[in-house]
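One structure is given below, encoded as structure tokens.
The values are calculated or read from the model by the stated rules, or taken from the named source; none is laboratory data. This one's a predicted model, so the numbers in the text were calculated from it and none came from an experiment. Here the Cβ positions follow ideal geometry from the backbone for every residue, glycine too, while neighbour counts run over all protein chains shown. Keep in mind that these areas ignore ligands, DNA and RNA; they rest on the heavy atoms of the full protein, side chains included. Shrake-Rupley method; radii C 1.70, N 1.55, O 1.52, S 1.80 Å.
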Amino acid sequence: MAIIICTVIAAVFAILLYVKTKNLEIPGRWKFLLTGFRFLSVFILSFILFSPLLKMKVKRIDKPQVFIALDCSKSMRANDTAKILSDVNKFAENLEKNFDVKKLSFGKNVMQNADGADEYKVEFNENATDFSALFDRISILKNDELQSAVVLLTDGNFNYGASPLYSYADVSVPLYAVAFGDTVIYPDIAIARVYNNKYAYPNNFFPLEVLVETRGVNEIGNVTVSVFHNGKTVEEKPLGSDMSVQFDIKADKAGLQAYTVKVGSIKGEKNITNNSKTFYIDVLERKQKVLILSSAPHPDITAIRQALGAGDMFETDVYIGREIPQNISEYNLLFLHGLPSTTYPVRGLQSVLNEKSLFVIINEATDLNALGALNTGFNITLKSNSFSEATASKNSTFGLFSLSEEDDELLQQFPPLSVPFGTYKISPSGEALLYQKIMNITSENPLLWFSVNGGRGIGVFAGSGIYRWRLNNYLLKQNTKIFDDLMIRAVQLLANRESKDPLIIRHPKYFYEQTPVIFDAELYDALFEPLENKKISISIVDSSRKEYPYDFSPQGKFYQLNAGYLPAGNYHYKASSEIGNKKVEKSGIFSIVPLQLEDATLPANTAFLRDITKRYAGFTVTSGLWYKQLQSALENRADLKPQIRYVEKHYSLVERWWLWLILVLLLGSEWFVRKYYGHI
């Protein structure tokens, strides 16, 4: 329709100007040509006014993707790393003619090189090897519409994360591997694993079990396993036939103590770096006393007790029903599970409960009116005495203590809890760690809430059935670490409210290497009221007296510092702030513990690499010209060919420069002829 209208308009303009006009003294053939010029120029101008879009099919060639993943862990240093980098860069450059190459390097973390011709420039200094993290990244980067393949360059040794055999199922594309490392197995004896408690107490004994493994050895003879502390031998025993040794070690002074376990070397052994392993024991001054009061037996109580017992930091007692201990004032924290209730109103404990730090777990038995009388700052008015189910949604602004990203994600995958359905009235002095998510909608009602004001801490779990969280944690991760850590961190926060220091600094006694060092802080005035938006500075000093100065970031009434990654070693710090004209300070110590996962030089794990590549339609190579073999294999695969696609694209004529050029030429030519014949 637009073309017809434009044609009519152009024809009318051209006819009126050159056919109907009688006084034009222009030769006939030029008049005919000028009529055509005017028709075309008016047609183009009017057509442009309709803003037409041209639809065109454009040919596009999509190259298949190839992910090259280079292991940059410390164990790769046993190879010629300069040659590896040279070969892999040459390999990537050759592939880029026919493939869309994505270059990754990995260890405990995964790094991505820029696309194009950028070469690998990596340091082989990662302290662990995590294939599952690599495969998770590839599954995100992979374009499901394109054919893909993965090339691993590694020694095949992994020591972190989930099993690669299962995690690669999410990628599920052809997999090739280059096995680096010595394939000859020399006689070797190594400390395989050390089992020990995290915590102990002065003058108490803690159990220690050492497992030893051998490779390429038929007989080991008489071998001794020794335990060292502060450079002195604590105890030594001969290695048993079951390749394990048990010790009972006496803890001495309080603080973080380092112990080293060593196994003697054997004949023909070349690698002795794996003959020793260092572990750490946090020797505590005393245990925190925790009392769990419950209206009735419940699996939640078992889950809480097991979680607190995992760290051996707490002395936990449980009383059911009307049973109340005489020494209740000696406890640092009281759990109330389903209390107060109409059956057990705990009226005789009112004065104690109003002073003590509490951790309340609400269930159907809880008398919510009586709970409100305990000055917890957490009040609920039920609607129709009903409960509903809610899952957890993490509060990103929570600042009382920190959880890892993995913890945050897993908490939100845990099964729903039974929560009160009603109107929540919450004190603004508290913070929710978790909100209730009902039918995939996050509400403003807290699921897990804390309030720490002065010497009293309050925690409220507005739901029961948390034992299912611990079971689900084990189902997903084959351990209960995330649930246990959550309970331990919460109890530490609430139970440690006895200090009257104006400046409180909280942190673990040690951090693992390549884990961010995070501190939490609180600042109080003379009445022990929290102070906001104050400057808290801290100076962290390592064993060589190198200083790392930082400032805490205010998080509402609390403060937090992420000091990033620090080298392994022992550190002390001094934090300071000003309250009025008074300077307050707090000092302490902590340690960065090396992971010790990549220190040992291991032979290439070719059996694992051959197994996983065979499962996914690839193979493993070990020869020096691996890049030629793999390039040939990839280019000859019928399922890794470029895909030709025709994509519809729309173009606006207004944006076509050549159309404006034609218009200018038409109008210019018409003007020149008319000028020549004196009609301008």
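Evaluate region 658-674: report whether one residue or more is exposed (fewer than 14 other Cβ atoms within 10 Å of the Cβ) and basic (K, R). Within region 658-674, not a single residue is exposed (fewer than 14 other Cβ atoms within 10 Å of the Cβ) and basic (K, R).
On the stretch given as region 386-398, residues that are more than 27 Å from N479 (Cβ to Cβ) and surrounded by fewer than 17 Cβ atoms within 10 Å (Cβ to Cβ) total 3.
Please work out if Q413 is open to solvent by less than 10 Å² (accessible area, probe 1.4 Å) and either among the polar types (S, T, N, Q) or at pLDDT 90 or above (or both). Against the criterion (open to solvent by less than 10 Å² (accessible area, probe 1.4 Å) and either among the polar types (S, T, N, Q) or at pLDDT 90 or above (or both)), Q413 does not qualify. Of all residues in region 317-353, those being open to solvent by 20 Å² or more (accessible area, probe 1.4 Å), more than 14 Å from A365 (Cβ to Cβ) and among the β-branched types (V, I, T) number 3. Scanning region 472-498 for residues that are more than 19 Å from E315 (Cα to Cα) and in contact (Cβ under 8 Å) with a residue 12 or more places away in the chain yields N472, N473, L476, K477, T480, I482. Screening G309 against (1) open to solvent by less than 10 Å² (accessible area, probe 1.4 Å); (2) assigned to a helix (DSSP H, G or I) leaves a single unmet condition, (1).
Six or more apart or on different chains, Cβ under 9 Å: which pairs go from a residue in region 28-40 that's more than 21 Å from V8 (Cβ to Cβ) and open to solvent by 80 Å² or more (accessible area, probe 1.4 Å) to one that's at pLDDT below 75 and assigned to a helix (DSSP H, G or I)? Could you list them? Matching pairs, first to second residue: W30/V673; W30/Y676. Against the test of being over 24 Å from Y512 (Cα atoms), β-branched (V, I, T) and in contact with a strand residue (DSSP E or B) (Cβ under 8 Å, 6 or more places away or on another chain), the options V110, V150 yield a single qualifying residue, V150.
A search for C-beta distances below 9 Å between a residue of region 614-633 that is on the phi > 0 side of the Ramachandran plot and any residue that is at pLDDT 90 or above and open to solvent by 80 Å² or more (accessible area, probe 1.4 Å), counting only pairs 6+ apart in sequence or on different chains, returns nothing. If you take the residues in region 578-587 that are touching a residue at least 12 places away in the same chain (Cβ under 8 Å) and farther than 18 Å from E547 by Cβ, which one is surrounded by the fewest Cβ atoms within 10 Å (Cβ to Cβ)? Checking each candidate, the answer is E578.
Give, as residue ranges, the strands (runs of 3 or more DSSP E) completely inside region 458-575 that count at least 1 residues that are within 26 Å of S393 (Cα to Cα), among the small types (G, A, S) and open to solvent by less than 40 Å² (accessible area, probe 1.4 Å).
By residue number, 518-523.
Assess whether L609 counts as being closer than 20 Å to A128 by Cα and modelled with pLDDT of 90 or more.
yes
A search for C-beta distances below 7 Å between a residue of region 644-669 that is among the small types (G, A, S) and modelled with pLDDT under 75 and any residue that is open to solvent by 60 Å² or more (accessible area, probe 1.4 Å) and in a strand (DSSP E or B), counting only pairs 6+ apart in sequence or on different chains, returns S652/L53.
Of the listed requirements (1) of a type in the set (V, I, T); (2) closer than 27 Å to G463 by Cβ; (3) in a strand (DSSP E or B); (4) open to solvent by 10 Å² or more (accessible area, probe 1.4 Å), T278 misses just one: (2).
Mind checking which residues of region 163-214 are of a type in the set (G, A, S) and under 30 Å from V150 (Cα atoms)? Before you say what the answer is, go through the steps one by one.
Step one: of region 163-214, the residues of a type in the set (G, A, S) are 163, 167, 169, 172, 177, 179, 181, 190, 192, 200.
Those that are of a type in the set (G, A, S) and under 30 Å from V150 (Cα atoms): S163, S167, A169, S172, A177, A179, G181.
When S357 is tested against the conditions (1) free of Cβ contacts under 8 Å to residues at least 12 places away in the same chain; (2) under 33 Å from the mean Cα position of the chain (by Cα), the lone failure is (1). Every test in (1) in contact with an Asp or Glu (Cβ under 9 Å, 6 or more places away or on another chain); (2) in a loop (DSSP other than H, G, I, E, B) is passed by A296 save one, and that test is (1). Only one of the numbered conditions (1) open to solvent by 60 Å² or more (accessible area, probe 1.4 Å); (2) under 30 Å from P508 (Cβ atoms); (3) touching a strand residue (DSSP E or B) at 6+ places or on another chain (Cβ under 8 Å) is not met by K383, and that is (2).
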